[in-house]
Structure formats: structure tokens, C-alpha cells
Amino acid sequence: MREQLVTDFDKIISDSNFSKKDIELKRISLDKFIEDGFPTKKKEDWKFLDINRAIEKNIGELDFYNDYSFQNKIDTSYFVKGLEHNKIVFINGRIEKIDFKSEDSNKIEIIEESNLSNKFNNINSLINLNNAFANKNYKINVKENYSLKKPLIVYHLTSNKIYKKNINLRLDFKLESNSSLRLIDYFEDDSKDNFINIFYNFDLEKDSSLKNYKIDHKDNKNVKYSFNNIDQKENSISETFILSSGSSFFKNEVNCDLNGKYSSAFVNGIFKLEDFKNHEIKTNINHLTENTKSYQLIKSVLGEGSKAAYQGKISVNSIAQKTDGYQLSKCILLDKTSEFNAKPELEIYADDVKCSHGSASGSLNEDSIFYLMSRGINYEQAKELLINGFLLDVIEKITDSETKNLIKNTLGLKE
Amino acid sequence: MLKINNLNAKIDKKIILNNFSLNINPGEVHAIMGPNGSGKSTLSNILSGKKGYDVTGEILYENKNLFELETEERAHKGIFLAFQYPLEIPGVNTNIFLKTSLNAIRRANGEKELDAIEFLNLVKEKAKNLKFEEEKLNRQLNVGFSGGEKKKNEILQMSILNPKLSILDETDSGLDIDALRIVADGVNSLRKKNNSFLIITHYQRLLDYIKPDFVHVLINGKIIKSGGPELALELEKKGYENFN
């Protein structure tokens, strides 16, 4: 793999016009990745989803070079209907469109970043890989006191033109004070056997609000990793919702630094898996100052040899008094072949805090199924009613009603 | 309509029903009375197709072998069980459940499914008759309902589905006098030439309001005596223990 990495990296550098300093930083990240390789089970954080094995077993040799000189045709039939929105369209990792037509143009600034920061070196080896290979870095600034009128949908589209490729995406968002953004990540894959590595960084200034909804629903045989780093100032709110369902492998990681007083973070999610899929949500919520709040609710429905894991960590700094931290996961296992792992971690160094966690797994209640069937509803439909009912309360946590409806429709939940 | 011949039922080798026979004709109301553990609920479970029993014998419903029908098919053919303990189903809206159920049965019988408005008109009328608060229909099925409300909800479902054979499993237990009367009125309004009822109860009380054609005494999985409504009164006086 080492040679492949070095050759592919050199090709990318010769294709692009990165500054000398960027190239230097990229090379440091590359060297670090070469040293560490893909994370394996040996690392505690990766013991539930061994991405190294997933790639070896499902993809084999990866190609790290992507030729971004050709434009891809955008198939608008993929766009979400009935919801007016702004767009960023990635096709096979290449940015094809940035469209903020619905907004005041002087309130949103889009910067093609060249100056890489080394702030994110060594979070883990996949971020190093991303730093080394990401093609273009865009930074989106939402100006102070501005709330986007429409949500922004980032389309992650892939076509069958790519196969056994590694794609690295990077976006930066800055929400200036008292601004707000609704961001939907929408995954649609027509490709297979690729490894897609996404890294977002968010800076939330005072009183700003971020809602990030990730929708991975369409069945596909890709391996994905997504890392959200969210840095929060005073009184800012972040809400993350993850619908984790479509890909063969998907690990979503959310790191939230609650740096400002009265800031809060909500991370909710659904695993709906079958067919030997293996997904994970890992959160790190760092309560770094007083009077901050976090809430996490994860619900899973697993069948047919699928596996899901939820590693939720709440860290409370010694000065972070009056912290309120909560996490809960619940799982329905549809058969004996599926597996759910929960690893809640509370690391508390302050004494005046309220923190709790819980996790429960079980099977569908046969008596409930009998009750529904005795009313003429067949087994499959009864099962579906119970599953949808089980998932409903986490969907109800979505505070944006348009997105809530989109996700309900995606899951086939009827009003 | 329903012919049960020499039904035996076991759970884990424990005999619950023992050579049980019963014949219900269209339009008849039968009451089965018996002490705790006499096999009353097992009978209603077997009639509606609950799994987990070893069964021998014969049950004919409209001259067809009932054991060949799945639970939902029995419902399609007009069998309804009002549960002794109606289940709470979190996240499932009561109205949506009722509509899904009604339309599944209509579909199976080749009838046109009701649209949202037709359904709401029907359910409103039925709820009103049963003094069932309409607002509850928009809540999760039976979640947070009182015992009485759950039982009323069963009768509401029964009146919407309009079954041919209704089995009421201790519907009266947990009801106050007013609720008992409303439930009984609901049942009486469904009494028609072709609709039959099997009412399972401990007490004679319910039978003051719903007049049965036949009363059967079930002890240790077997009917030991059958008669008219007067049998219930006799039973009430003597108690199960001294009844033989």
C-alpha cells in the first residue's frame, strides 16, 4: 500500500496548485498515515468496526488517485423534491456545484481555502489520510445575525465510474455570532467497493445554531467514515441527527467541544440495518466550561447478520460545573444473527453535575404482534408498525420540521 | 357458526382445556363463566390463533377448519377478540392503527378501502356512541390509557370492525359501573341476527346488562354445566367451589 500511496500522492500534487506550505503539511499527514495505516481492532476506538479489515475484505487494494479534471454531469433526478434548498453537489468526490441561490449573497462567504491548518493533525489516521489527499477545501462562512432561509443539502453522489477508489472530502463551516444553518448530508451511491472519507469542521460562534442531518439510506456496498468536529462558543446549539442505514460499512464520529457557557449539543440517530451491514456512531462530547448541556438518543433496529455499535463518551472537565449530560440507546434485534454493542463512557472531573446513561436491547414483543394480527394486520405489516413506532420518538427529536418530514418519508413512515 | 368438538389444549404438558365442546349459532350470545385458571383465556387465545399451545380436537368456523387460518385471516373472516389486557403499543397512533386494521379486513374481503375522511367520519360516530374521547384517538395506542379506557378502546375497535363472532375476554374486569353500562350498550347495539358473541367472565354482573342466550360453567378446562341466564344467578349465589 505504501508505494501506491506515494505514487498517487505525487500524481495529485503534480495535478494541483497547492502552495508549498500546503504540500509540506500534506506530506506530513501522508507520512503519518503511512506509519499508522488504517485503524484496526487493536485500537480501542475501533474494536467494534475494524475499518482496516472492512477495506481488506470488501475492497482489497485501494486506489488513492482521482482525476478531477473532468466534469461530471449532474443528474437532477437525485435532488430532493418538494423542499426548496441550497446545494453543494459532490459527484465521485469532485465538487460540481455550489448553489446558494435562495440566500442573500453578501451573507454567505465561500472561500476556497489553501492554507491548511495543522490543528487537525493526528486526531486519527483517517483524518491524516483526508488531510493528505483531499482535493479542494472549501470554507463556508455564515455572516453574523444571518439565518439561512433554506436548508443546505450537501449531495454525496457516486457513480459506477469509480471502483476501489478512496475519496476524501473536506468542508469547513463557520457560523458567526447569532447565525444559523440547517445542513443535510444526503448520500446516494450508484457505485460499490469504494472507501469514502469525510471530514467536516464547524466553528460555532456565540448564539449560533447548527442543525446537521445525515441521511444514508440507499443500499450500497461502499465503506464510509465521517468525522464531524464541532467547536462551540457561548450559548450556541448543535443538533446532529444520523440516519445510518444504506452503506455496507459506516462509522460516524462526532466530536463536540462545548467551550462556551450555555452551549448545548444534541446527537440523535437511528441504525436501521440488515444484510450483514456494520455501522457505528461514536461521540465525544466534551463539557469544557460550566452550564453546558448534551443529550444523545440512539435507536437501532437490526436484522440479518447486521451489527451496530454506539460508543458515547461524555467528558466533564473539572471546571465544567452544572453540566447536564444524558445518553440513551435502545435496540431491537430482529433475529439471533444481529448484534448491538453499546459502550457508554462517562468521564467526570467536576462534582456539581447531572449525567446519566442507559442502554437496552431486546426483541420485538410477540404479544404486541399477536394483538395487531388479531386485528387483521399481517405479520410483516405488524412488524413494520411496531418498528416504526419504536423509531418514532427519536425522529420526533428532529427540530426542523421540513427535515423531519423528509426523514419520515425516507423511512416510509406515514402520517 | 362455531363448532368446537373435543378440544384439548396443553402448555408444557399442563392440560388446560379438556375435551371442551361448544356450539354457537348465528345471532346467539354465549357466556362462559369460570374461576381463575379454568382455561377461559386459553380458549379465547386459541380461537384467535395465538401460538404456544399443543392442541387436539376440532374447531369449525363457518364449516371450515379454524386451525388452517392464521391469526389475521381469522380477523378477516370476522373473528374478533376483545383482549383481557389490551397491549400498549408505543409510537403507533390509535387512528392509524384503526384505519390500517379496518382497511386490511376490507381489502381481504374485496371491499373498497376507506379513505381518510370516510374513516374519520366512521370512527367519530362510533367513538361518540361509546363516549370515547376523540382526542385519545390521536394518541399512541393504549399508551397512558386507564384500564377502563383500554377496554372501551377494544369495544370501539369491535364496533368499527363489525365482526361476526366477538369474543370478549373478561371485558368487564376493571370497569366502573358507568363504563360497564357503556360497554354493554356497545355490545348490545351490535347484536344482530348474524352476529354472535362469546362472553368470558368471572362475574354475573356483566350479564345483567348483556343478556346471554346460554351460560356455560367452565371448571378445570371442561364445561360442567350449561343452561339459560338463570344459571349465572345460581352460580353467583353458590360460588364456583360449591357448584357441581
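The values are calculated or read from the model by the stated rules, or taken from the named source; none is laboratory data. Here the structure is a predicted model, which is why all the values come from computation and not from measurement. Virtual Cβ from ideal backbone geometry, glycine too; neighbours counted across all protein chains shown. Side chains are part of the model used for accessible areas, which takes the heavy atoms of the whole protein and leaves out ligands, DNA and RNA. Shrake-Rupley method; radii C 1.70, N 1.55, O 1.52, S 1.80 Å.
Against the conditions (1) exposed (fewer than 15 other Cβ atoms within 10 Å of the Cβ); (2) closer than 17 Å to A:MET373 by Cα, B:LEU161 satisfies every one except (1). Taking segment B:149-181 as the range and being within 24 Å of B:LYS99 (Cβ to Cβ), away from chain A (no Cβ under 11 Å) and in a helix (DSSP H, G or I) as the test, the residues that pass are B:GLU149, B:LYS150, B:LYS151, B:LYS152, B:ASN153, B:ILE155, B:LEU156, B:SER159. Checking the stated criteria, A:ILE108 turns out to be surrounded by fewer than 20 Cβ atoms within 10 Å (Cβ to Cβ), of a type outside the set (Ser, Thr, Tyr) and under 23 Å from A:ILE230 (Cα atoms).
Residue-by-condition table, conditions (1) part of a strand (DSSP E or B); (2) free of Cβ contacts under 8 Å to residues at least 40 places away in the same chain; (3) buried (at least 19 other Cβ atoms within 10 Å of the Cβ):
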position	(1), (2), (3)
B:ASN194	no, no, no
B:ILE200	yes, no, yes
B:LEU207	no, no, yes
B:PRO212	no, no, yes
B:LEU233	no, yes, no
B:LYS237	no, yes, no
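Would you say B:LYS131 is more than 14 Å from every other protein chain (Cβ to nearest Cβ), open to solvent by 60 Å² or more (accessible area, probe 1.4 Å), closer than 24 Å to B:ASP169 by Cα and assigned to a loop (DSSP other than H, G, I, E, B)?
yes
Of the helices (runs of 4 or more DSSP H) contained entirely in segment A:361-413, those carrying at least 3 residues that are without any contact (Cβ under 8 Å) to a residue 60 or more places away in the chain and either within 16 Å of A:ILE270 (Cα to Cα) or more than 8 Å from chain B (Cβ to nearest Cβ) (or both) fall at A:379-395, A:401-411.
Consider A:ILE314 carefully, then state whether it is surrounded by fewer than 22 Cβ atoms within 10 Å (Cβ to Cβ), hydrophobic (A, V, I, L, M, F, W, C) and either more than 9 Å from every other protein chain (Cβ to nearest Cβ) or touching a strand residue (DSSP E or B) at 6+ places or on another chain (Cβ under 6 Å) (or both). No: the conditions fail for A:ILE314. Which of the residues that make up segment A:156-175 are touching a residue at least 40 places away in the same chain (Cβ under 8 Å), closer than 26 Å to A:ASP8 by Cα and not in a loop (DSSP other than H, G, I, E, B)? If the condition is that a residue be touching a residue at least 40 places away in the same chain (Cβ under 8 Å), closer than 26 Å to A:ASP8 by Cα and not in a loop (DSSP other than H, G, I, E, B), then A:HIS156, A:LEU157, A:THR158, A:LYS165, A:ASN166, A:ILE167, A:ASN168, A:LEU169, A:ARG170, A:LEU171, A:ASP172 are the ones that fit. The residues on offer are B:GLY144, B:GLY186, and the sole one that is open to solvent by 20 Å² or more (accessible area, probe 1.4 Å), more than 10 Å from chain A (Cβ to nearest Cβ) and not charged (D, E, K, R) is B:GLY144.
For segment B:45-67, the criterion of being within 14 Å of another protein chain (Cβ to nearest Cβ), open to solvent by 20 Å² or more (accessible area, probe 1.4 Å) and in a strand (DSSP E or B) is met by none of the residues. Filter segment B:68-103 down to the residues that are within 12 Å of chain A (Cβ to nearest Cβ) and among the acidic types (Asp, Glu), then identify the one that is least open to solvent (accessible area, probe 1.4 Å). Result: B:GLU72.
How many residues are open to solvent by 100 Å² or more (accessible area, probe 1.4 Å) and either among the aliphatic types (A, V, I, L, M) or not in a loop (DSSP other than H, G, I, E, B) (or both) if we restrict to segment A:15-60?
7
Limited to segment A:235-294, what total is found for residues that are open to solvent by 30 Å² or more (accessible area, probe 1.4 Å) and charged (D, E, K, R)? The qualifying residues number 7. Would you confirm whether or not segment A:122-141 contains a residue that is modelled with pLDDT of 95 or more, part of a loop (DSSP other than H, G, I, E, B) and among the charged types (D, E, K, R)? No, that holds for no residue. Of all residues in segment B:104-122, those satisfying the criterion of being under 21 Å from A:GLN381 (Cβ atoms), away from chain A (no Cβ under 14 Å) and in a helix (DSSP H, G or I) are B:GLU118, B:LEU122.
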